[in-house]
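Have a look at this one.
The values are calculated or read from the model by the stated rules, or taken from the named source; none is laboratory data. All values reported here derive from a predicted model rather than from experimental measurement. For neighbour counting, all protein chains shown are included, and Cβ atoms are generated from backbone atoms with ideal geometry for every residue, glycine included. Areas reflect the complete protein model, heavy atoms only, side chains present, ligands, DNA and RNA absent. Shrake-Rupley method; radii C 1.70, N 1.55, O 1.52, S 1.80 Å.
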Amino acid sequence: MSIFTLGIDIGSTASKCVIIRDGEEIVAKALVAVGAGTSGPQRAIAQVLENAGMTKDDIDYTLATGYGRNSLENYADHQMSELSCHAQGAYFLFPDVRTVIDIGGQDMKCFKIRNGAVDSIMLNEACSSGCGSFIETFAKA
């Protein structure tokens, strides 16, 4: 019997979902180009379930992360900071990982990983230049 996990990342500029079977196989994924405070999270969830041919009842565990993770308090089984998710995911895929850089829509984070956990972190200041939304706009121009 398979175990299906739904991961939901609600960022400031995008909502992303993935369904994983038995902690290893990606069954379906979805990306909606609007994030927290919009219909993006619900649209991404509906899209990933449709892509997988599943319903919410088929999902065994749901984890929400990202800037808007707390908006899914009544939907997800657990919320976790994006920093912890990045650290654990990078460590799972690359056990020797030492550094992760997250270029988000509104901020950038660079952090050191030690044994799968965040050891130290640096954040950009208030200016969003260099962040994902700036890079996307500049690329289009």
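Based on what the data block shows, is Lys112 in contact with a helix residue (DSSP H, G or I) (Cβ under 8 Å, 6 or more places away or on another chain), surrounded by fewer than 16 Cβ atoms within 10 Å (Cβ to Cβ) and over 20 Å from Glu136 (Cβ atoms)?
Numbers: in contact with a helix residue (DSSP H, G or I) (Cβ under 8 Å, 6 or more places away or on another chain): no; surrounded by fewer than 16 Cβ atoms within 10 Å (Cβ to Cβ): yes; over 20 Å from Glu136 (Cβ atoms): yes.
No: the conditions fail for Lys112.
Regarding Ala87, is this residue open to solvent by less than 30 Å² (accessible area, probe 1.4 Å), modelled with pLDDT of 95 or more and not aromatic (Phe, Trp, Tyr)?
no
Would you be able to say whether some residue in segment 55-68 is surrounded by 15 or more Cβ atoms within 10 Å (Cβ to Cβ), at negative phi and touching a Cys at 6+ places or on another chain (Cβ under 6 Å)?
Yes, segment 55-68 contains at least one residue that is surrounded by 15 or more Cβ atoms within 10 Å (Cβ to Cβ), at negative phi and touching a Cys at 6+ places or on another chain (Cβ under 6 Å).
Please find, among Val18, Val32, Val48, the residue that is closer than 19 Å to Glu136 by Cβ, of a type outside the set (S, T, N, Q) and modelled with pLDDT of 95 or more.
The conditions single out Val32.
Let me ask something additional. Return the pair list, or none, for Cβ contacts closer than 7 Å from residues in segment 32-60 that are farther than 17 Å from Ser71 by Cβ to residues that are hydroxyl-bearing (Ser, Thr, Tyr), at least 6 apart or on different chains.
Here the result reads Leu49/Thr55; Asp60/Thr5, each pair linking segment 32-60 to a residue that is hydroxyl-bearing (Ser, Thr, Tyr).
Can you report the number of residues in segment 91-101 which are closer than 18 Å to Cys131 by Cβ and surrounded by 17 or more Cβ atoms within 10 Å (Cβ to Cβ)?
1
Of Gly7, Gly11, which residue is closer than 21 Å to Gln88 by Cβ and modelled with pLDDT under 95?
Gly11
Could you tell me whether segment 34-41 includes any residue that is within 28 Å of Met1 (Cα to Cα) and open to solvent by less than 50 Å² (accessible area, probe 1.4 Å)?
no
When you scan segment 51-78, how many residues do you find that are part of a loop (DSSP other than H, G, I, E, B) and of a type outside the set (A, V, I, L, M, F, W, C)?
10
Identify, please: which residue in segment 91-108 is assigned to a strand (DSSP E or B) and in contact with a helix residue (DSSP H, G or I) (Cβ under 7 Å, 6 or more places away or on another chain) and is, among those, farthest from Tyr67 (Cα to Cα)?
Among residues in segment 91-108 that are assigned to a strand (DSSP E or B) and in contact with a helix residue (DSSP H, G or I) (Cβ under 7 Å, 6 or more places away or on another chain), the one farthest from Tyr67 (Cα to Cα) is Val100.
Additional query: Looking only at residues that are within 19 Å of the chain's Cα centre (by Cα) and not in a helix (DSSP H, G or I) in segment 123-141, which one is modelled with the lowest pLDDT?
Cys131
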